[in-house]
Every structure is written in C-alpha cells, then in structure tokens.
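Taken together, the values in this text are just the output of simple stated rules run on the coordinates, not laboratory data. Note that the coordinates shown come from a computational prediction; the quantities given were computed from them, not determined experimentally. All Cβ positions, glycine included, derive from the backbone under ideal geometry; neighbour counts span all protein chains shown.
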Amino acid sequence: MSAHAPLSSPIAHGGRLDAARRAYPNAPEPWIDLSTGINPTPYSLPVIAPEAWTRLPDEAAFASLEAAARAAYRAPRDCAIVAGAGAQAFIQLLPRVFPARRVGVLDFTYAEHGACWAANGAKVETVATIEELMGFDVAVVVNPNNPDGRIAFPCDLGPLAQEMTRKGGLLIIDESFMDFALDHSASPLASLEGVVVLRSFGKAYGLAGLRLGFALCAPARAAILRAALGPWAVSGPALAIGAQALADSRWRDAAAAACATEAARLDATLTLAGFELLGGTSLFRLFRHDKARDWFVRLCEKGVLVRAFPERPNWLRFGLPGSETAWMRLSAALEIG
C-alpha cells in the first residue's frame, strides 16, 4: 500500500478527480467517483429551444422556473423564490448582503458555511444543539446534514426561526439534500422574515454541472438577494431544464425510490467489508472504520474515489455507484464477493 494521504485542500470537497489522478497516476481508468452526493442517474436532458442559447434570459423564463420550484419544494405562497447558480452561490452571497458579528453553525457539517461567514468578518462558533443557536445573530443548520444525514425537524426549528425573526437575525437552513425527504422540509418556515431556506437542484437531479439552486425567503430579503445577484443570474439552458425537471414529479418519485434501494445496497456492501454505518441520506452514506485512511488509499489505488474527512480520520463517505460495472469494481476494491 502506498504512503499517499487523503487529498487535501483549504476546504476539502468531493469530486476532485483531477487531484486524485495526480496523486494516484497508476490507478485504473476510468475512475469511479463516489466522493460526491450526486445522483448517478441524471434527469434526461430535454430538447432545448435554440433561443435559450442565443438570447438573454427573460422574466418569463425566470417566472416559469420559480413557479416549478415553488411547487416542487412545497413553498408557502407568501415566500419568494430566488434562483441562482447553485446553493453554493447563495452560501457565498449571504454573508455579504446580510452581514453579522456572531454566527453559530450546527456542527459537524459542510465547511463552506462557516468559512464564508468568517471571510466576511464574522466570529463563527460551532454548537451541538439547535437550542444553543438562539443567542447568535445568524444560525446555520444543514438539513439533512452533510455528512451524517442528521435531520432537524420543522417543529424543532420553528422556535429558532421565530426568535431570529423577532430580533432581526437570520436562520439559514441548507436543504441541499432534501429533495428525496420532502416531508421533513422546513420550507413552510420560509415566509418568516428571519429565515432563508436553500435548495440545490443538481444533486437529486444528477446535473450538478448545470449550477442551479434556490433561496426561499421573505419578499424583502428576496429583493436584496436579487439585486446582489444582478440580471441573468441563471443561464437560459439552466432555466429551461430546471423548469421541466422540477415539474416532473413522477421522475422525482421514481428517482427517490431507486436511490433508496441503492443506498440500502451500499449499506450492505460496506457492512460486509467491515465498515460501521454512521448515517447519511439516500444520495450518500457515511461509514466509520479504524483504518479509514488506509482504505481511502487502497480505494484510490483501485481508481475508486470516496470522501475523506481530515477532521474525522476514521470516517469515509460513499456516494452511489452508477452502474453494475461500478458496483463490481467497488466490491473488488473492497475485496468482497
């Protein structure tokens, strides 16, 4: 086994195949990327009208997309829907347009939230419970949580949402992985002045490269976000694809069922290989192993990239294999079957 360590960067993310190839040049191609929580079976791209490519997006296209998002996300009528270039765009924008001194983050979670607030001058603290977030200017809850899938139910978030609204604070609920668990969504809270709910399009629909996401919030906050984003914050093709996909509830229901089945298969496979399941969603699963670092290296040497966590050296997160060939290679790399 080589002495390579897990891939590192200022903030570690999944999907860094270019870095993996440099670190493990002898790994077989093609690589199997299990390091992200992206549906490996994407929504089939519709035929896109030529003018979506050749004209600037118009208000009607934005309105159509936002209406589809409102229905798909079960957003209340009195909240606004703002479209942008992925949930990450809003994560970076929110600290700039709604600055704060003290920010609390329900930890352990997606590191970009804390990093973006800190970069804009906030003092960021991590806490273990929702109740501890009450005293901050801004509170951040990733729900379902990335990477362990922890769910904060709307009834648990309601008092915090009300308190942030009362005192002019802000509760950010990042629901990037909520598409297949809509019954747990906090979108009914999005009409409160002190709440912003973020949604990612690309993960559940398997089209992360499209760069599309949404902020659900009160109209006054929405106006500030739209002004900061500027005109044409979403491309014409993304508007067209997103509007059709979000309106396709039959596809979404089938994809949710398929991913749940594949997640159960992944649990069984990794458990057989000696891993302990810690949690996850139907798009990714989190496991513990005393030799997780060694397993990360071994899998990379076999051309299988998973997600490691420098802060949690015994953890590995696995996305869903996208084909029977990928399943076979994963099983071979795990030395089972």
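Along the axis of the charge dipole computed for the range 122-218 (Cβ charges of +1 for Lys and Arg, -1 for Asp and Glu, origin at the Cα centre), the listed residues 210, 140, 130 are led at the positive end by 210.
The distance linking the range 315-337 with the range 245-302 is 9 Å (Cα centroid to Cα centroid, whole angstrom).
Based on DSSP, what percent of beta bridges with both residues in the chain are antiparallel, to the nearest 5? Mind dumping the intermediate values first?
On the way: 22 of 41 bridges.
Within the chain, antiparallel bridges account for around 55 percent of the total.
Is there a quick way to get the dipole size of the range 195-329? I mean about its Cα centre, with the Cβ of Lys and Arg at +1 and of Asp and Glu at -1; what is the value in debye to the nearest 20? Kindly include the intermediate steps, with their values, before the conclusion.
Values: 18 positive and 10 negative charges, 61 e Å.
Around 300 debye, computed over the range 195-329.
Computed per residue of the chain from DSSP H runs no shorter than four, each worth -39500 (n - 2.57), the mean residue ellipticity at 222 nm is -11500 deg cm²/dmol. A simple rule links phi to the HN-Hα coupling: the Karplus curve 6.51 cos²θ - 1.76 cosθ + 1.60 with θ = phi - 60°, which for the range 244-253 gives 6, 5, 5, 7, 8, 5, 5, 5, 4, 5 Hz, with x for Gly and Pro.
Given +1 on the Cβ of Lys and Arg, -1 on the Cβ of Asp and Glu, and no further charges, what dipole in debye does the chain carry about its Cα centre, rounded to the nearest 20? It would help to have the intermediate numbers written out before the result.
Numbers: 32 positive and 33 negative charges, 95 e Å.
Charge dipole of the chain: 460 debye, to the nearest 20.
Placing unit charges on each Cβ (+1 for Lys and Arg, -1 for Asp and Glu) gives the chain a dipole about its Cα centre, and among 222, 43, 271 the Cα reaching farthest toward its positive end belongs to 222. Within the set (1) 23.4; (2) 20.2; (3) 20.7, the number that Kirkwood radius over Cα pairs in Å takes when calculated for this structure is listed as (3). For the chain, the longest piece that avoids every one of the GluC sites (Glu not before Pro) found in DSSP loops with at most 13 other C-beta atoms within 10 Å covers 1-310.
Would you mind classifying the range 5-114 by shape? Square roots of the alpha carbon gyration tensor eigenvalues, ordered a ≥ b ≥ c; an a/c under 1.5 is rounded, otherwise it is prolate if a/b is larger than b/c and oblate if not. Here the range 5-114 falls in the oblate category. Partner lysines whose Cα lies under 26 Å from the Cα of residue 123, excluding those fewer than 8 positions away in the same chain, are identified as 167. Report, in whole Å, the centroid distance computed from the Cα atoms of the range 20-57 and the range 137-160. Here the two parts' Cα centres lie 29 Å apart.
In this structure the amide hydrogen of residue 171, modeled in the peptide plane, comes within under 5 Å of the amide hydrogens of 139, 195, 196, none closer than 5 places in sequence on its chain.
Could you size up the charge dipole of the range 145-228 around its Cα centre, putting +1 on the beta carbon of Lys and Arg and -1 on that of Asp and Glu, and report it in debye to the nearest 20? Can you show the working numbers first?
Numbers: 8 positive and 8 negative charges, 69 e Å.
The dipole of the range 145-228 has a size of about 340 debye.
Shape of the range 105-184 from the C-alpha gyration tensor: oblate (a/c of 1.5 or more and a/b not above b/c, with a ≥ b ≥ c the square roots of its eigenvalues). Of all lysines in the structure, the ones whose alpha carbon falls short of 21 Å from that of residue 291, not counting any fewer than 8 places away in one chain, are 302. Can you find, among 158, 185, 62, the residue sitting farthest towards the positive end of the charge dipole of the range 51-247, where Lys and Arg contribute +1 and Asp and Glu -1 at Cβ? After comparing all options, I get 62.
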